[in-house]
Amino acid sequence: MILDEWKRLYSNTKMNFGEVAIKGFWDMYDRPRGVLTVVL
């Protein structure tokens with residue numbers, strides 16, 4: 001995933017955020033090589 005592409009999508013999404021930006025994230029995420037870290 002190229003993070004800059006997703007950040008652009010995230011920043012420019014005004015409506016239907018869950019449908020556009022979050023779906024876009026999972027579409028771009030490279031599952032075999034990617035690692036997600038959750039910080040609480």
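Numbers at a glance
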| quantity | calculated |
| --- | --- |
| Residue, nearest to the chain's Cα centre (by Cα), within region 12-40, restricted to residues that are surrounded by 10 or more Cβ atoms within 10 Å (Cβ to Cβ) and of a type outside the set (A, V, I, L, M, F, W, C) | Gly24 |
| Cβ pairs under 8 Å, 6+ apart, first in region 24-37 and part of a loop (DSSP other than H, G, I, E, B) and at pLDDT 75 or above, second surrounded by 10 or more Cβ atoms within 10 Å (Cβ to Cβ) and not hydroxyl-bearing (Ser, Thr, Tyr) | Tyr29/Met1; Asp30/Met1 |
| Subset of region 1-11 (residues that are part of a loop (DSSP other than H, G, I, E, B) and either loosely packed, with under 10 Cβ neighbours inside 10 Å or in contact with a Lys or Arg (Cβ under 6 Å, 6 or more places away or on another chain) (or both)) | Ile2 |
| Residue check for Lys14: modelled with pLDDT of 75 or more, not in a helix (DSSP H, G or I) and not small (Gly, Ala, Ser) | yes |
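The values are calculated or read from the model by the stated rules, or taken from the named source; none is laboratory data. If you're wondering where the values come from, they're calculated on a predicted model, not measured in any experiment. Please note: Cβ atoms are built from the backbone with ideal geometry, for glycine as well, and neighbour counts cover all protein chains shown.
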